[in-house]
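Colleague: What follows is a single structure, and I will ask about it in a moment.
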Amino acid sequence: MSSLPVPAPEPPREPEPEAANRDRPPAPPLTLMDRQSYSMLSLVDLSRKLWSTQDVHEAAESLLLNLMGQVGTARAALWLSSDDTQPVLIRCHGMEAALARALGAACWNELSVRFRGGGTPIAPTEIEGGAGQSTRSLARQARVAMFAPLRAEDQPMGLVGLGFPVGRDRYAPAQLEVIEASLAVAGLAMRSARMHGLAMENGRRLQRSNEALQDLDRMKSEFLEHVNHELRTPLAVTLGCLQCLGDPVVTEADRGTLVETATRSTEDMVRLVERVLTLSESSGQSIVVQACEADLRVFMQEYSKERRPGVSAGLRNLVYESDDALRPVCIDPTRLRQVLDELIDNAIKFSAPGTRILLHVCDREEGGAAGARISVRDEGVGIPEERLPDLFQSFHQIDGSRTRRAGGLGIGLAVARQLTEAMGGRIAVERGAPSGMVFAVWVPAA
Amino acid sequence: MTTTTDFEIVDAGRRGRTAVLRLRGRLDAGTAPTLLERCAQVQAQGQNLVLNLEAISFLGSSGIGAMLVLVEQFQEQAGVVRFAALSEPARAVVELLDLGQYLTIHATEEEALAAIDAQAP
């Protein structure tokens, strides 16, 4: 292995434009290169990136990479506060995620208090109290040299941990100032990203509710139209017969005919009521599908991009992966969107903040038919094997108790199955390894 | 080839178990995630990696951060990443932060490949 030492800098000169680059606008010259100017450029670069980001996880990654490059460390982690008392690990580099989670949990309470009214970065060795010993031990394992608060306008949001700068055993005061400045910018941007994500998620839910109401309204109109016509006729006949029976001029023979007619009409009504009940039961299956040929790769890219900020705002990381080439499929984009919404909402309900939701798509043949498989995998506690067969039935929830953690009527997965099947597809579920569930939707090729 | 507005990653093939990627343009906060994503694909195939930085016009702190992440990530999987032929802007930043030894920098792509070959069991 031959590692070359970095040679002494040459006198400043204008770089020669390369042949392949002649048509491009020239890159801005980098003439200032001391610590101060490097920090300034880093801060500008970070700000530019953060203000174009509306995704909490993306913002966290940008912040950590930037800080690591600013101070020259190979280790960093970022935790955010959540509704829970435990912090949520959003991203880490250079250390095991499990170790980073344990470290965050160990120091969280102590540092939350310490950083509440402000505060500057501190070393793990400065943490006192009961948490001090475990924090110091875990920080040594993770080789974390300091913690710094992440705030937005004095409101604590989270915590950043950084390793030792390469080749050094401490941070210079100027480096700490740069870190604080970067965190101030990042705190505001991440709060903005989180609020944007929550707003998008609420908007999406509102839109889905509106679509569901429109569906219900359409079904109600069809139902009433049906009932109105069918029910009025026998009712009118029965009423007419009963009115005649009360008339003293009607003969005994006519009375018999009237009773017979009223009875027949009533029997018609009984049959009608039975049909109405049948119609009511099957009304949920009255799904209008407008399937057409679609580029699944484009559809999924747009869909994952649209959902990511909302999922991220709930502190789950939506990771999308796709095979390079996918064959065209036959789908109703609106309906497939509803199906995926149900599956991702379900994954959010049954997983904890700080976990990932993996959205994967690939070509897949099933039963000899070409198509594509879209899977949604969570890292939650999973569903017992014996409950899987009932999972796509209406009004089914894993935890039937009144105190169950996840809300909803338990019709989401049943709706997802109906919609998928209406598109000519199939839906299935299996337990993930090592944890969580994998819901897979198969749709036919065009 | 992976391309964004200001950044390109050119696949320069592989030698044995080592893939070579040539970077061109600005490696900054906007483009560093693209580099990490592409390198993760290389790592997923169980390959070592040589990154050629000859045509890097700007190396920001996020780019340096990404390079530090790559060193750790490849080490975790018993792989190797080497950096070769640093452009003047890239070299200036690496020198400023005194990261030359940690990042294992080589004068040319060939030297980096030879060093990985020599290290292989």
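Colleague: Expressed as a whole number of Å, what is the distance separating the alpha-carbon centroids of the range A:145-223 and the range B:1-59?
Modeller: Centre-to-centre distance over Cα atoms comes out at 29 Å.
Colleague: Continuing with this model, one more query. Whole percent per 5 Å bin, from 0 to the bin with the longest distance: what is P(r) over all C-alpha pairs of the range B:1-66?
Modeller: Taking every Cα pair in the range B:1-66, the percentages come to 4, 19, 31, 26, 14, 6, 1.
Colleague: Using only the alpha carbons of the range A:65-136, determine the length spanned along each of the three principal axes and report them from longest to shortest in whole angstroms.
Modeller: So the three principal-axis extents are 31, 24, 23 Å.
Colleague: Roughly what percent of Cα-Cα pairs across the range A:292-444 reach past 24 Å?
Modeller: 29 percent
Colleague: Sticking with this one: Out of residues 5 or more away from A:ALA370 or on other chains, whose amide H comes under 5 Å of its own, with H placed 1.01 Å from N in the peptide plane?
Modeller: Here A:ALA445 satisfy the definition.
Colleague: Can I ask one more? Going by how many other beta carbons lie within 10 Å of each one, how would you line up A:SER304, A:SER182, fewest first?
Modeller: Ascending number of Cβ neighbours within 10 Å: A:SER304, A:SER182.
Colleague: With θ taken as phi - 60° and the coefficients 6.51, -1.76 and 1.60, list the Karplus ³J(HN,Hα) couplings across the range A:429-441 in order, rounded to whole Hz; mark glycine and proline as x.
Modeller: Values per residue, Gly and Pro as x: 9, 8, 6, x, 10, x, 8, x, 10, 10, 9, 10, 10 Hz.
Colleague: Considering chain B as a Gaussian network with a 10 Å cut-off on Cα pairs, which listed residue, B:GLN101, B:GLN47, B:GLN77, attains the greatest mean-square fluctuation?
Modeller: B:GLN101
Colleague: Mind jotting down a quarter of the surface of the convex hull over the alpha carbons of the range A:30-196, in square nanometres, one decimal?
Modeller: Quarter of the Cα hull surface area: 9.4 nm².
Colleague: Just grab the label-to-label distance for A:VAL249 and A:ALA212, each label 7 Å out from Cα along the Cβ direction, in nm (one decimal).
Modeller: 6.0 nm
Colleague: Report the net charge of residues surrounding A:SER42, where surrounding means a beta-carbon distance below 12 angstrom and charges are Lys +1, Arg +1, Asp -1, Glu -1.
Modeller: Net charge around A:SER42: +1.
Colleague: Dimensions of the protein assembly as shown along principal axes (Cα, Å, largest first)?
Modeller: That works out to 124, 58, 45 Å along the principal axes.
Colleague: Grab the other residues whose beta carbon is less than 12 angstrom from that of A:LEU138, score K and R as +1, D and E as -1, and report the net.
Modeller: For residues surrounding A:LEU138, the net value is +3.
Colleague: What is the percent of Cα-Cα separations in the range B:2-119 that go past 18 Å?
Modeller: Taking all Cα-Cα pairs of the range B:2-119, the fraction more than 18 Å apart is 44 percent.
Colleague: Give me P(r) over the range A:314-390, computed from all C-alpha to C-alpha distances, binned every 5 Å, as integer percentages.
Modeller: Final binned percentages: 3, 13, 19, 22, 19, 15, 7, 1.
Colleague: Here is a further query. Throw me the Rg/Rh for the range B:42-93, computed over C-alpha atoms with Kirkwood Rh, two decimals. Intermediate values should be presented prior to the final figure.
Modeller: Numbers: Rg = 11.6 Å, Rh = 11.6 Å.
Taking Rg over the Kirkwood Rh, I get 1.00.
Colleague: Once the Cα atoms of helix B:88-97 and of chain B are each reduced to a long axis, what angle between those two axes, in degrees from 0 to 90 to the nearest 10, is obtained?
Modeller: 80 degrees
Colleague: While we're on this one: Treating cross-link reach as a plain straight distance, find the lysines whose alpha-carbon is under 26 Å from the alpha-carbon of A:LYS49, omitting any fewer than eight places away in the same chain.
Modeller: A:LYS305
Colleague: Got a sec to turn the phi values of the range A:129-142 into Karplus ³J(HN,Hα) couplings, 6.51 cos²θ - 1.76 cosθ + 1.60 with θ = phi - 60°, whole Hz, x for Gly and Pro?
Modeller: x, x, 6, x, 5, 5, 4, 4, 5, 5, 5, 5, 4, 7
Colleague: Mind listing the long-range amide H neighbours of A:ALA152? Cut-off is under 5 Å, sequence gap 5 or more, other chains count too, H placed in the peptide plane at 1.01 Å from N.
Modeller: Long-range HN contacts for A:ALA152: A:MET157.
Colleague: Taking the convex hull of the alpha carbon atoms in the range A:182-244, what volume per residue do you get, in Å³?
Modeller: Looking at the range A:182-244, the number lands at 59 Å³ per residue.
Colleague: In the range A:104-251, what is the volume of the convex hull around the alpha carbon atoms, normalised per residue and reported in Å³?
Modeller: Expressed per residue, the convex hull around the Cα atoms of the range A:104-251 is 242 Å³.
Colleague: How do A:LYS49, A:LYS349 rank when sorted from fewest to most other Cβ atoms within 10 Å of their own Cβ?
Modeller: Lowest count first: A:LYS349, A:LYS49.
Colleague: I need the phi-derived Karplus couplings for the range A:121-126: 6.51 cos²θ - 1.76 cosθ + 1.60, θ = phi - 60°, integer Hz, Gly and Pro marked x.
Modeller: These are the phi-based 3J(HN,Hα) values: x, 9, 8, x, 5, 8 Hz.
Colleague: Amide H to amide H, which residues 5 or more places from B:ILE56 or on other chains are under 5 Å from it, using H placed in the peptide plane?
Modeller: Residues meeting the amide H criterion: B:GLY25, B:SER87.
Colleague: Below 8 Å between Cα atoms, with a sequence gap of 6+, how large is the relative contact order for chain B in percent?
Modeller: 22 percent
Since every read-out is calculated from the coordinates, none of them should be taken as a lab result. Source: prediction; values computed, not measured. Every residue, glycine among them, receives a Cβ derived from its backbone with ideal geometry; neighbour counts consider all protein chains shown.
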